């Protein structure tokens with residue numbers, strides 16, 4: 001395997017990326033890796049969370065004769081631009097530009113390029129495929145099939161159920177209505193016009209991204225997708241609803257394969273315990289679950 005650092009210029013912003021290639025020479029099938037929400041880099045690492053999912057996937061692909069490109073999002077890592085003024089639709093446009101670059105890469109077969117997205121990246125992959133982007137297929141890891149606002153409310157309910165220790169005591173003792181608090185924040189975001197603002201003078205929130213994401217429904221895209229789809233979600237994912245796999249199957253008219261993997265979380269790791277955000281740091285201390293890589297490789301090999 002060989003890796004090349006590249007720069008991709010999009011509207012005067014330089015994106016930093018890594019192209020991973022098999023050791024041999026040729027025109028390889030390729031996979032563009034699209035990261036999830038937040039300030040995550042090309043490997044899906046965020047401050048305090050070294051997830052390294054995309055590095056693992058890229059290396060596994062290269063070892064099996066498949067090229068890949070992974071990139072730092074706008075305003076993240078080594079990429080230029082401002083993360084805090086970047087909206088959901090800006091992210092989609094950026095991926096479209098990166099895809100164009102990848103199709104023209106010398107070692108890649110432009111008619112054998114697939115999109116692989118995790119979380120928000122999966123939503124972007126389905127959006128691009130649904131709006132007519134010419135790709136050979138899409139792979140959705142923890143994808144969604146419901147409006148952004150509904151998804152965030154579903155997330156909130158799952159997270160509350162997974163609270164432990166002091167947090168549980170806090171919610172019960174002070175009778176905190178989490179749903180009501182969340183709705184107030186959502187209403188504030190919808191009414192705002194700023195790109196970003198602070199909540200309680202501490203947490204900084206990308207309001208532009210949130211406004212666009214809250215109103216967006218990926219279910220509208222699935223009927224228009226013409227390429228093959230592989231969708232994988234863990235049964236213990238508390239950030240996207242595993243039941244959305246069935247919704248996708250009902251809407252999709254193209255070749256569709258889905259897997260709800262027992263005990264797999266949003267971190268793409270196995271966790272036998274109660275689903276909870278509190279276990280994420282422990283989960284990422286081990287590699288991503290091997291069965292996910294196997295499913296991706298098996299699906300790709302049938303189509304390349």
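Some values worked out for this structure:
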quantity	calculated
Number of the exception - residue 149 against (1) touching a strand residue (DSSP E or B) at 6+ places or on another chain (Cβ under 8 Å); (2) in a helix (DSSP H, G or I); (3) farther than 20 Å from residue 21 by Cβ	(1)
Which numbered condition residue 143 misses (of (1) at pLDDT 95 or above; (2) in contact with a strand residue (DSSP E or B) (Cβ under 8 Å, 6 or more places away or on another chain); (3) under 18 Å from residue 88 (Cβ atoms); (4) outside any loop (DSSP other than H, G, I, E, B))	(4)
Test: residue in the stretch 83-100 that is in the same structural domain as residue 284 (by TED's automatic domain parsing), assigned to a loop (DSSP other than H, G, I, E, B), at pLDDT 95 or above and in contact with a strand residue (DSSP E or B) (Cβ under 8 Å, 6 or more places away or on another chain)	no
One residue from 22, 47, 110 being at pLDDT below 95, assigned by TED's automatic domain parsing to the domain that holds residue 139 and surrounded by fewer than 20 Cβ atoms within 10 Å (Cβ to Cβ)	47
Condition check for residue 249: under 21 Å from residue 130 (Cα atoms), free of Cβ contacts under 8 Å to residues at least 24 places away in the same chain and in contact with a strand residue (DSSP E or B) (Cβ under 7 Å, 6 or more places away or on another chain)	yes
Residue in the stretch 202-212 that is at pLDDT below 85, farther than 30 Å from residue 296 by Cα and surrounded by fewer than 12 Cβ atoms within 10 Å (Cβ to Cβ) present	yes
Entirely in the stretch 204-304, the helices (runs of 4 or more DSSP H) that have 2 or more residues that are under 17 Å from residue 139 (Cα atoms)	244-251, 290-301
Scope the stretch 101-128; condition within 18 Å of the chain's Cα centre (by Cα) and part of a helix (DSSP H, G or I); matching residues	120, 121, 122, 123, 124, 125, 126, 127, 128
Flag for residue 129 being closer than 21 Å to residue 302 by Cα and at pLDDT 95 or above	yes
Flag if residue 52 is without any contact (Cβ under 8 Å) to a residue 24 or more places away in the chain and either under 19 Å from the mean Cα position of the chain (by Cα) or not assigned by TED's automatic domain parsing to the domain that holds residue 14 (or both)	no
Conditions (1) more than 24 Å from residue 297 (Cα to Cα); (2) modelled with pLDDT of 95 or more; number of the one not met by residue 11	(2)
Test for residue 226: is it surrounded by fewer than 15 Cβ atoms within 10 Å (Cβ to Cβ), within 22 Å of residue 92 (Cβ to Cβ), touching a helix residue (DSSP H, G or I) at 6+ places or on another chain (Cβ under 9 Å) and not assigned by TED's automatic domain parsing to the domain that holds residue 290	no
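The values are calculated or read from the model by the stated rules, or taken from the named source; none is laboratory data. Since this is a predicted model, take the numbers as computed values, not measurements. In this analysis, Cβ positions are derived from the backbone assuming ideal geometry, glycine residues included, and neighbour counts consider all displayed protein chains.
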